[in-house]
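Structure, as structure tokens:
The numbers here are math on the coordinates, done by the rules we state, and not lab data. Bear in mind the structure is a predicted one, so any value in this text is a computation, not a measurement. No Cβ is skipped: glycine too gets one built from the backbone with ideal geometry, and neighbour counts run over all protein chains shown.
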Amino acid sequence: MQPFHWGIIGTGKIAKKFADDLQTIEGAKIYAIGSTTQGRADAFAQLYGAPHAFGSYEALAQCPDIDAVYIATPHVLHCENTILCLNHQKAVLCEKPFAMNTRQVSLMQAAALRNNTFLMEAMWTRFLPHIQQVIQLIKEDMIGEVRSVKADFGFLANHFPPESRLWNAALGGGSLLDIGIYPIYLALLLMGKPHKIKAFANFTNQRVDSMCNMLFHYKDGKSAILHSTLEATTATEAYIYGEKGSIHLQNRFHGKCDGFTVMLYGGESTFHPYHYPTHGYNFEAEEVMRCVKAGKKQSDLMPLSMSNDLIATLDKVRKSVGIKYAED
Ligand SMILES: NC(=O)c1ccc[n+]([C@@H]2O[C@H](COP(=O)([O-])OP(=O)(O)OC[C@H]3O[C@@H](n4cnc5c(N)ncnc54)[C@H](OP(=O)(O)O)[C@@H]3O)[C@@H](O)[C@H]2O)c1
């Protein structure tokens with residue numbers, strides 16, 4: 001079988017975790033690394049046995065025989081890096097948030113369309129087996145119609161320096177885009193786009209949000225209570241309340257979750273344990289490989305329409321609390 005050739009742009013924390021997980025996939029080959037610095041590309045390539053290392057993203061985009069590129073740069077570069085690869089007819093899996101705002105996401109999708117090339121946001125949560133099982137149980141009406149979602153994601157980030165990606169406004173810093181996106185995604189996945197949003201945020205002196213509280217309301221009375229913070233380490237759990245029962249997803253609900261409990265009102269409760277031996281990024285990578293091999297231009301599970309809803313919702317939350325970036 002011909003191996004599937006992955007290119008990786010950016011050599012930071014998540015790029016390494018993704019590369020670790022690619023090594024667990026049969027038929028996946030870490031083929032080329034692109035970095036802003038030749039030395040970092042060489043070191044990364046050596047670590048993972050990649051035959052090609054480039055000291056610029058442009059050079060990686062031009063490299064023939066790459067089946068898909070994974071983009072793992074700070075948020076503010078996602079749009080530019082994605083369009084560069086698409087314009088060289090490279091399929092793209094781009095980290096979340098897909099871009100800084102709706103305008104940028106539209107440009108990326110237009111480039112995918114123009115080049116007839118695959119594009120997907122790396123919303124790895126969608127492909128994790130515990131999330132797949134939760135969706136299946138809800139489809140089977142196990143807890144009845146979902147009426148509300150409560151989810152949080154927080155970690156204490158005060159040891160990261162002000163110039164780091166988490167706090168630096170010029171790199172798209174703040175809790176909402178980095179981690180608030182996951183509670184929002186869960187609400188969208190289960191209930192769709194909200195009708196009304198109320199939000200409150202705390203700001204740093206760089207004017208990025210260190211905390212964001214969100215309330216979503218839906219036309220049919222459904223609701224979501226969502227929270228992200230870099231000021232404290234929170235449970236990072238989720239509760240899904242239906243008309244017949246509820247589902248409690250343990251830490252970390254959006255990632256390497258320990259399991260979930262289904263509770264039927266006035267009845268039994270069942271724990272479904274999970275253990276993830278990898279970082280959990282192999283599932284999204286396998287989806288990209290399946291789609292690209294089948295000639296698909298987007299994923300049915302994480303379609304571009306969902307990325308549109310996600311960025312539109314992030315834009316609305318930002319607008320309501322006044323989180324602004326240079327890209328706006
Ligand atoms: N899915 C997940 O679970 C998950 C987890 C963490 C992060 N992420 C996402 O992945 C992206 C990267 O996060 P990360 O934590 O890996 O960041 P990171 O450790 O700071 O790495 C980012 C990489 O981007 C490249 N880069 C290019 N221009 C840069 C600049 N001006 N400043 C800093 N780095 C620059 C650098 O690699 P070279 O210079 O060598 O090219 C750097 O190593 C973010 O958008 C984040 O939201 C996703």
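Computed values, structure above
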{"item": "As computed over the chain, the Cα convex hull volume per residue (Å³)", "result": "133"}
{"item": "Contact order relative to length of the chain, as percent, for alpha carbon pairs under 8 angstrom and 6 or more apart", "result": "18"}
{"item": "Net length gained if the chain between residue 47 and residue 327 were fully extended (0.36 nm per residue, minus Cα distance)", "result": "97.3 nm"}
{"item": "Relative contact order (%) - criterion: Cα under 8 Å, at least six apart; region: region 104-260", "result": "28"}
{"item": "Segment residue 36-residue 243, length gained on full extension (0.36 nm per residue, minus Cα span)", "result": "69.3 nm"}
{"item": "Under 15 Å, Cβ to Cβ, from residue 312 - net charge with Lys/Arg +1 and Asp/Glu -1", "result": "+3"}
{"item": "Pair residue 234, residue 89: separation of 7 Å Cα→Cβ label points (nm)", "result": "4.6"}
{"item": "Pairs from 17/316; 139/293; 193/319 whose Cα-Cα separation, in the structure shown, is over 20 Å", "result": "17/316; 139/293"}
{"item": "Given charges at beta-carbon only (K, R positive; D, E negative), |dipole| of region 38-178 in Debye", "result": "220"}
{"item": "Cα centre as origin, Lys/Arg/Asp/Glu Cβ charges: the chain dipole, Debye", "result": "660"}
{"item": "FRET efficiency estimate (nearest 0.05) - Cβ-Cβ, residue 141 to residue 106, R0 51 angstrom", "result": "0.90"}
{"item": "Residue 203 long-range amide H proximity, modeled H, under 5 Å", "result": "210"}
{"item": "Relative packing of peptides 113-125, 193-205 - highest average C-beta neighbours within 10 Å first", "result": "113-125, 193-205"}
{"item": "Share antiparallel - DSSP beta bridges, the chain, percent rounded to 5", "result": "55"}
